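Below: the structure, in structure tokens.
Only the coordinates and a few stated rules stand behind these numbers; no lab work does. Because the structure is a prediction, the values reported are computed rather than measured. Here the Cβ is made from the backbone with ideal geometry for all residues, glycine too, and neighbour counts use every protein chain on show.
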Amino acid sequence: MTAVTKRFGQFTAVDNLSLDVPEGQIIGFLGPNGAGKSTSLRMGLGIMEPDSGSVELFGRAPNVQSLRRVGFLPEERGLYKKMTARDTISHFARLKGLSASDARARADELLEATELGEFSRSRISKLSKGMAQKVQILSTLAHRPDFLILDEPFSGLDPVNQQALENLIRAEHDRGATILFSTHVMEHAERLCDRIVMMARGRKVLDGTLKEAFASLGQGARISVEHGFDLAAALSPKGFEAIRTADVGHGETWRIELPPGREAQDALRAALEAGAPITGFAPEEARLRDVFVSLVGEADAAALEASLAEDGVA
Ligand SMILES: Nc1ncnc2c1ncn2[C@@H]1O[C@H](COP(=O)(O)OP(=O)(O)OP(=O)(O)O)[C@@H](O)[C@H]1O
């Protein structure tokens with residue numbers, strides 16, 4: 001999709017979003033609640049019309065043929081409660097063009113592979129919420145779609161089933177599917193994705209790997225020296241800014257801001273050359289929160305962290 005904008009009344013839910021999903025990639029779509037992820041996915045499928053901008057699916061505007069090649073798990077979950085797990089999956093597969101026998105065989109294969117085999121003939125109403133969600137996910141991919149779009153597939157699953165879903169996504173990818181999924185759970189995205197696209201308040205704030213996001217942040221180092229030594233004065237001529245942060249028993253700890261291209265080891269070497277009586281040294285890794293704050297600002301970083309906590313991963 002290119003330069004897509006969607007407004008609801010005065011409110012801009014998606015603001016000038018361009019998103020490219022190359023064939024064969026797994027892409028994680030992240031952002032706090034209300035960032036505009038679901039709205040973007042719906043527009044990508046032609047379910048919702050953008051106010052401006054254009055959407056292409058397999059190189060042209062979404063149509064009946066191209067949508068058959070897609071599997072979409074919507075944010076709103078819902079299955080026919082009286083249908084069995086097996087019939088549910090084969091029903092969805094048939095809607096997307098599989099023959100009755102192929103659809104049933106595929107349902108059996110998927111239920112076995114995800115350890116739901118013994119519930120194959122159970123009605124959806126008899127399954128736990130997590131199991132029903134698994135059945136819905138299997139229904140989404142039963143027709144072997146080329147492109148899988150999953151809106152929050154991990155939410156509502158326990159850690160064991162989240163792991164199973166990761167495996168399933170990998171298996172679908174190995175089969176050749178392109179995958180785009182939205183999530184609050186950074187860990188899944190980090191493990192699975194070639195690329196992460198992060199949104200906040202309708203705008204895209206990151207399109208790349210988390211590693212790239214970390215790299216764009218200024219990093220730091222901590223150096224402890226004996227009491228009374230002015231590390232700031234010693235390092236300033238060498239191009240490092242040092243701020244005293246804490247007294248620690250035998251000395252004081254300073255935080256060194258690393259200018260672009262300089263590493264923690266460079267600051268340590270400079271301190272040694274300046275004759276600093278060093279008692280401790282630690283390179284400082286940027287934390288995930290620092291990345292959020294730099295990308296989305298303090299308020300949205302807090303919202304994203306709250307979503308992570310809801311999902312039990314913070
Ligand atoms: N049909 C609609 N009418 C009015 N406002 C809407 C509509 N759909 C979405 N919005 C608003 O647009 C914003 C983006 O919603 P969207 O569902 O796309 O966010 P999201 O990133 O998917 O978040 P969540 O994970 O909470 O669903 C929200 O503020 C939402 O209230």
- With a length cut of 15 Å (Cα positions projected on each helix's long axis) and a Kyte-Doolittle mean of at least 0.0, go through the chain and give me the DSSP H helices that pass. 129-141, 288-310
- Message: Assuming 0.36 nm per residue, please report the length gained on full extension of the stretch residue 77 to residue 48 beyond their Cα-Cα distance.
- Response: 8.6 nm
- One checks the Cα atoms of the chain and finds Rg and Dmax, in Å, of 24.9, 81
- Task: Return the distance in nm (one decimal) between the two label points of a simple spin-label model at residue 121 and residue 109, each offset 7 Å from Cα along Cα→Cβ.
- Result: 2.3
- Message: Among 242-249, 97-104, how do they line up by average Cβ neighbours within 10 Å per residue, starting with the highest?
- Response: 97-104, 242-249
- Task: Please list the non-local residues whose amide H lies under 5 Å from the amide H of residue 148, H modeled 1.01 Å from N, same-chain partners needing a gap of 5 or more.
- Result: 71, 178, 179, 180
- Message: With unit charges on the beta carbons (Lys and Arg positive, Asp and Glu negative) and the dipole taken about the Cα centre of the range 191-270, which residue among 196, 228, 267 sits farthest to the positive side?
- Response: 196
- Dipole magnitude of the chain about its Cα centre (Cβ charges: Lys, Arg +1; Asp, Glu -1), debye to nearest 20: 1620
- Task: Output the antiparallel fraction of DSSP beta bridges having both residues in the chain, as a percent to the nearest 5.
- Result: 65
- Item | Within the range 164-277: Cβ-based charge dipole about Cα centre, in debye rounded to nearest 20 (Lys, Arg +1; Asp, Glu -1) | 400
- Dipole magnitude of the range 218-284 about its Cα centre, charges +1 at Lys/Arg Cβ and -1 at Asp/Glu Cβ only, in debye to the nearest 20? 100
- Extension reserve of the residue 33-residue 282 stretch, reckoned as 0.36 nm per residue once the Cα distance is removed: 86.1 nm
- Message: Need one number: convex hull volume per residue for the range 107-172, Cα atoms only, in Å³.
- Response: 84
- C-alpha center-to-center spacing [the range 205-273, the range 7-55] in angstrom: 40
